[in-house]
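Notes follow once the structure below has been shown.
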Amino acid sequence: MAPTPVLALTGATGFVGSAALDQALAAGWHVRALTRRPQAARDGVTWVSGALDAPASLAQLVDGADVVLHIAGVVSAPDLAGFQAGNIDAVQNMLTATQQANIRRFIHISSLSAREPALSQYGWSKAQSEDLVKASALDWTIIRPPAVFGPRDTEMLDLFRMAQRGLQLLPPPGRMSGIFVTDLARLLVTLADDRHGLSAGAVYEPDDGRSHGWTHREFADAIADAVGKKIWLRLTSNAFLLNNVARLDMLFRGKKAKLTRDRAAYIAHPDWVVSNHARPPASLWQAQTDTNSALRQTASWYRAEKWM
């Protein structure tokens, strides 16, 4: 019998990473997963205590792995140094550990915001991380997800909570793409299984299959339908309003703020639709979950967990 393949995974305790962990186990992988805190024992998982700024723990993480899947990253940070540490230095540390372990396959989760690095510190840091990956000698693949939603997500949670109250605050007019976390996780595991490197050197922008994306109003309507509430107050923001709401969010929630000034800058951008030419080939992967159904699943999970 062929030995069980081993996947080294960062971000396994987070939103996308936990979904990728589930998919990898279902696909027959043994997963070596990095964690800062003790985790419950789980069949098929070796938890490796450590952090992305601790090279010794990264060496332990990748030891014996066939593929590295780097999902962990920083979405919000109080300053540029936070993005530098979480999204650039951390990637360099992972690349170094991967190369020193003589592993060829490296899958890196970036962001659609990397297309517009001048808009935000977050986007800039993701673009810089991509440059590091591309400059490596590894068989790399980069994934730029658009807006990701699903159970366990905290980033879109406020949108569901507001819709539950009949309220919506829309970004300035524009379009966006979205993807259900389960579909994204399935893509990542599919790429991990590509040990012949057929997708090496590719930068993919996956989505839910909606070729022209969603207007912000259309996606907001879909969330309202998912929570089963009629919206009685809907406001469309502009860059000035978003910036001031971000100030209030940071004032009241501090480091837990979901709308930072940096995030407000890229939310105001009118086009976050994935590029048609950058979608993964249909022969490799396609989204399987209807977005309206996925949003209803998400709302149901939030209610079951008393998050909403």
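In this structure, Trp232 and His212 have a Cβ-Cβ separation that, at R0 = 22 Å, corresponds to a calculated FRET efficiency of about 0.15. Rg and Dmax of region 64-186, both derived from C-alpha coordinates alone, stand at 16.4, 54 Å. Surface exposure of the chain, expressed per residue as accessible area with a 1.4 Å probe, stands at 47 Å². Its relative contact order, with pairs defined as Cα atoms under 8 Å and 6+ residues apart, puts region 141-192 at 57 percent.
Overall, the chain carries a charge dipole of about 940 debye about its Cα centre when +1 sits on the Cβ of Lys and Arg and -1 on the Cβ of Asp and Glu, all other atoms neutral.
Close Lys pairs in the chain, defined as Cα atoms under 28 Å apart and 8 or more places apart or on different chains, number 12.
When only Cα pairs below 8 angstrom with a gap of at least 6 residues are kept, the chain shows a relative contact order of 18 percent. When the solvent-accessible area of region 42-183 is split by element, carbon and sulfur atoms take up 52 percent of it, the probe being 1.4 Å.
Taking all protein chains as they are arranged and a probe of 1.4 Å, the heavy atoms of Tyr122 leave approximately 20 Å² accessible to solvent. Using the Cβ-Cβ distance between Thr190 and Asp79 with R0 set to 30 Å, the FRET efficiency works out to roughly 0.25.
Length, then width, then depth: along the principal axes, the Cα atoms of the chain run 60, 40, 39 Å. By the helix-only formula, in which each DSSP H run with n ≥ 4 contributes -39500 (n - 2.57) and the sum is divided by residues, the chain has a 222 nm mean residue ellipticity of -11500 deg cm²/dmol.
The values are calculated or read from the model by the stated rules, or taken from the named source; none is laboratory data. Just so we're clear, the structure is a prediction, and the values are computed from it rather than from any experiment. Glycine also receives a Cβ, built like all others from the backbone with ideal geometry; neighbour counts cover every protein chain displayed. When the accessible area is computed, the model is the full protein with side chains, heavy atoms only, and any ligands, DNA or RNA have been set aside. Shrake-Rupley method; radii C 1.70, N 1.55, O 1.52, S 1.80 Å.
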